[in-house]
1. Can you spot a residue in region 46-53 that is modelled with pLDDT of 95 or more and either under 25 Å from residue 317 (Cα atoms) or in contact with a Lys or Arg (Cβ under 6 Å, 6 or more places away or on another chain) (or both)?
2. Of the numbered conditions (1) touching a residue at least 40 places away in the same chain (Cβ under 8 Å); (2) not in a helix (DSSP H, G or I), residue 150 satisfies every one except a single condition; which is it?
3. Hey, any hits in region 185-195 for a residue that's surrounded by fewer than 21 Cβ atoms within 10 Å (Cβ to Cβ) and without any contact (Cβ under 8 Å) to a residue 12 or more places away in the chain?
4. Inside region 98-110, can you point out the residues that are part of a helix (DSSP H, G or I) and within 19 Å of residue 296 (Cα to Cα)?
5. Determine whether region 61-76 contains at least one residue that is in a strand (DSSP E or B), over 25 Å from residue 170 (Cβ atoms) and either acidic (Asp, Glu) or modelled with pLDDT under 95 (or both).
6. Return the only residue of 181, 199, 176 being touching a helix residue (DSSP H, G or I) at 6+ places or on another chain (Cβ under 9 Å), more than 20 Å from residue 321 (Cα to Cα) and outside any strand (DSSP E or B).
7. Against the definition (in contact (Cβ under 8 Å) with a residue 40 or more places away in the chain and among the β-branched types (Val, Ile, Thr)), how does residue 298 come out, yes or no?
8. Free of Cβ contacts under 8 Å to residues at least 24 places away in the same chain and more than 19 Å from the chain's Cα centre (by Cα) - does that describe any residue in region 209-218?
Amino acid sequence: MTLRLTILLLALPGLVTAAHAQNAGPGTGEKVSWDSAVCSGVPFTCRKLKASGYLFATPGAKSAVMISHGSQGIDSRMYDYVDSLRKEGFAALVIDHWTPRGIGVTHNDYVAAGKKGGNEINMAADSLTAADWLRTRGYEKVGSIGESQGGAAALMLQQKFAHALIERNVRRLYGKSFQLKPVDAVVGLYGYCGYRNAKRDAYAGTPLLLITAEADDNTPSRYCERHVGWINARGGKADIVVMRRQGHSFDAPYSQIYSTGPHYGKCDILIDDSGISELNSGTKMPGDDVAAMMARCVSRGYHTGHSNHRFVAVPHWIGFFKQHL
């Protein structure tokens with residue numbers, strides 16, 4: 001049985017104060033780069049990409065945690081994560097997934113961004129190749145945390161088909177012996193879990209923690225609550241924490257607003273031998289190219305941003321990393 005934890009909002013003054021002590025920021029980390037790939041099309045075609053990010057070393061750290069942003073790109077919450085991690089003795093790598101691909105934001109047009117590599121499979125490529133690079137720097141264990149679109153990429157980080165695709169293409173593109181090793185512990189914050197592929201999905205058995213929000217109308221928690229069982233039945237090791245009375249991007253550096261942008265909160269997609277099904281509407285299509293179905297169920301308008309207690313989830317994901325890294 002998977003433990004579903006519903007967390008009451010509690011005042012945590014000490015932790016909040018520590019998280020607010022922002023020592024990290026733009027320009028304070030070491031600018032680094034490594035070999036990655038950008039993949040697009042159906043089926044995927046991949047080419048070379050020099051990925052980039054900012055490494056925040058911590059003296060004596062044996063473990064490092066990669067940080068993946070959401071659709072907006074790097075913002076100050078990434079540096080909040082860095083501060084919380086370094087306080088507990090971890091090094092941190094903030095990955096810039098968009099700039100090397102010539103992308104500003106993805107949430108205005110996910111389809112157009114995806115053609116440039118602005119999607120979860122490409123975020124996973126950056127993270128899995130970064131994990132290999134971090135190990136060459138002497139870090140014994142490597143974790144990952146992603147928020148929103150980066151939270152959805154956390155699921156892709158555990159997908160065995162993604163591992164095979166990325167390993168094969170890195171070897172082909174760079175002519176080197178590259179053996180992909182799964183990330184040691186993964187956290188996904190309020191990511192989209194409404195897509196399942198019964199013909200493909202199989203997961204790495206390293207620990208995965210999903211942290212979702214009860215009142216999220218962009219990436220609904222109910223999909224992730226169900227997804228934990230789906231993952232664990234297919235080789236994964238997932239658990240979930242649901243934050244009560246919180247919405248999407250509950251730790252964002254801005255107060256809650258209403259966005260009129262597109263989202264897939266009403267898309268509940270299942271691919272199996274019968275084709276593609278959207279379970280909320282009962283719509284079915286043949287084949288396994290999900291783009292057309294996603295275009296039919298896309299919605300506009302959702303709430304995003306913090307309402308109170310921005311750092312309420314920090315004890316959960318910090319505790320998870322302390323346990324597994």
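1. Yes, region 46-53 has at least one match.
2. Of the numbered conditions (1) touching a residue at least 40 places away in the same chain (Cβ under 8 Å); (2) not in a helix (DSSP H, G or I), the odd one out for residue 150 is (2).
3. no
4. 110 - this is the single residue of region 98-110 that is part of a helix (DSSP H, G or I) and within 19 Å of residue 296 (Cα to Cα).
5. No, region 61-76 has no match at all.
6. Answer to the selection: 176.
7. no
8. No, region 209-218 has no match at all.
The values are calculated or read from the model by the stated rules, or taken from the named source; none is laboratory data. As the structure is a computational prediction, the values presented were derived from the model and not from experiment. As a convention, Cβ positions derive from the backbone with ideal geometry for all residues, glycine included, and neighbour counts pool all protein chains shown.
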